[in-house]
Amino acid sequence: MRTRTEKATRRQTREHNRRLVLRHIFDAQDGISRADVARLTRLTKATVSDLVAELMRDGLVEEAGIGEASSAGGKPPLLLRVVDGAREVFAVDVSGDQFRAAALDLRGRVLREQVADAEDLTGEAALARLDALLDALYAERQAPVVGIGISSPGLVDTENGIVCRAVNLQWQDVPLRERLQTRFGVPVYVANDSHLTALAEYTFGMGSPDANVVVVKVGPGIGSGLVLNGQLFYGDGFSAGEIGHLVVADDGVLCSCGNRGCLETVSSMRALFANVRHWLTVHPDSPAATLLTPPLSCARIADALAVDARLGDVVDETAHWLGRALAAVVGVLNVRYVRLTGPVRVFGDRFIDAVQAALHRSVLPELAAQCEVAFGALGDEAPLLGASAYVLSRELGLR
Ligand SMILES: [Zn+2]
């Protein structure tokens, strides 16, 4: 019994060290010597050499170039680097009107992309479309596949890879991991799209690896994700960051969840569009009216704003309620970075300023002053990038 435990522990230690070595080679973009890997990881040179040999056998690492000899003289060292194309990661985002699937390399660069129209697709039909996208990626793979990451809307049991409830897709308790693992024979990870967007912004959009960040996705609904101490924070029921249904307006509009005055009823794009339509009935002779024809979009509203500045109040109100809700998050967590994503980006500084002003009025001034609100660095591809980052970190320890 004891030897079995010891064996298991040794295997775990080896796996941990292998990840550590790979991670340091990955982070050193210009190549790194075995001696420097040993110094940085505090492992012995023999252990590092052994693990590097294994990583080279697996095709993940190669010798590329010669470094400078140390001041003590001796032979200049061979430099190691990760072979970016040694593995592929598949990522699929099923949270939008289109399903987007991509094969990415180890640096999160998109190698191939597949897009499929998915509006009105639900249940089994949506699952079949997802299968078809992955089939197409799999058929054209150029390297072994590390794993598949799925960005799903709704409530996701990340631990077991089950989509518990995604209303728009009419998915209820769908064991996506089991289903796709059986089909493709590689590890599968499933997470909520707002959570993965937060992970993507943290991984690819923030300069600081020790940043705590809240990323809010303002779309038809509102969701957010938290990265705390470098880790995605799911909450005990996988619903951390579910701020869309925080009630902010007393006696407000009835929400799809059954309550009144949820953040989504005042700050989502759906709410903004409804408010703009109402504004038009009050200002029918506005010169902006000809620009505000259906289908409404944030881009159209931004154009109209340039023609009739009075419309700014409607946009500011959307931002105001968002700031009020964010105050609760900032008050609890004292995070330094808040990032907003979604089409509201077209409103620029005006939107950010209004969010920040509301935040300042709703939380301890010191906390508000420490908090920087800005738009995220990534676009619509964020959930895909987050899904691939998630697979890479779980399977290979890379970020
Ligand atoms: Zn609600």
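All of the numbers you see were taken from the coordinates with simple rules; none came from a lab. As the structure is a computational prediction, the values presented were derived from the model and not from experiment. Please note: Cβ atoms are built from the backbone with ideal geometry, for glycine as well, and neighbour counts cover all protein chains shown.
Counting only DSSP beta bridges with both residues in the chain, tell me the antiparallel percent, nearest 5.
Just about 65 percent of them are antiparallel.
Which angle between 0 and 90 degrees, to the nearest 10, do you get for helix 298-307 versus the longest principal axis of the chain when only C-alpha atoms count?
50
Within the range 65-170, report the trypsin sites (Lys or Arg not before Pro) that DSSP leaves as loop and that have at most 11 other Cβ atoms within 10 Å.
none
Between ARG361 and ASN229, take the C-beta separation as r, use R0 = 22 Å, and let me know the FRET efficiency to the nearest 0.05.
0.15
Test of understanding: in a Gaussian network model of the chain with alpha carbons linked when under 10 Å, which of LEU254, LEU326, LEU367 would top the mean-square fluctuation ranking?
LEU254
Which residues make up the longest stretch of the chain that has no GluC sites (Glu not before Pro) in a DSSP loop with at most 13 other Cβ atoms within 10 Å?
It runs 160-399.
In the calculated pair distance distribution of the chain, what percentage of Cα-Cα distances lie above 38 Å?
Numbers: 23930 of 79401 pairs.
That tail contains 30 percent of the Cα-Cα pairs.
Hey, fewest Cβ within 10 Å first, where do ILE148, ILE25 land in order? Don't skip to the answer; put the middle values down first.
Working: ILE148 27, ILE25 24.
If I rank by nearby Cβ atoms, fewest first, I get ILE25, ILE148.
Name the residue from GLY67, GLY312, GLY331 whose Cα lies farthest towards the positive end of the charge dipole of the chain, charges +1 on Cβ of Lys and Arg and -1 on Cβ of Asp and Glu.
GLY67
How about the range 14-44: which trypsin sites (Lys or Arg not before Pro) there are in a DSSP loop, with at most 12 other Cβ atoms within 10 Å of their Cβ? Walk me through the numbers on the way to the answer.
Values: sites: ARG14, ARG18, ARG19, ARG23, ARG34, ARG39, ARG42; in loops: ARG42.
Answer by residue number: ARG42.
Treating only the Cβ atoms of Lys and Arg (+1) and Asp and Glu (-1) as charged, compute the dipole magnitude of the chain about its Cα centre; round to the nearest 20 debye. Mind showing how you got there, number by number?
On the way: 41 positive and 49 negative charges, 342 e Å.
Dipole of the chain, to the nearest 20 debye: 1640 debye.
Arrange LYS217, LYS7 by Cβ neighbour counts within 10 Å, fewest through most, would you?
If I rank by nearby Cβ atoms, fewest first, I get LYS7, LYS217.
So, by mean Cβ neighbours within 10 angstrom, what's the order for 190-198, 355-363 with the highest one leading?
Answer by packing, highest mean first, reads 190-198, 355-363.
Specify the angular offset, from 0 to 90 degrees and rounded to the nearest 10, of the alpha carbon long axis of helix 348-362 from the longest principal axis of the alpha carbons in the chain.
Tilt of helix 348-362: around 80 degrees.
Test of understanding: in a Gaussian network model of the chain with alpha carbons linked when under 10 Å, which of GLY376, GLY225, GLY59 would top the mean-square fluctuation ranking?
Largest GNM mean-square fluctuation: GLY59.
Please list the radius of gyration and Dmax for the range 2-82, considering alpha-carbon atoms only, with Å as the unit.
Rg and Dmax of the range 2-82, Cα atoms, are 13.9, 47 Å.
How far is helix 269-282 tilted off the main Cα axis of the chain, in degrees rounded to 10, range 0 to 90?
Taking the Cα atoms of the chain, the angle to 269-282 is about 20 degrees.
Between the range 317-382 and the range 74-137, what's the alpha-carbon centroid distance in Å?
Taking the Cα centre of each part, the range 317-382 and the range 74-137 sit 31 Å apart.
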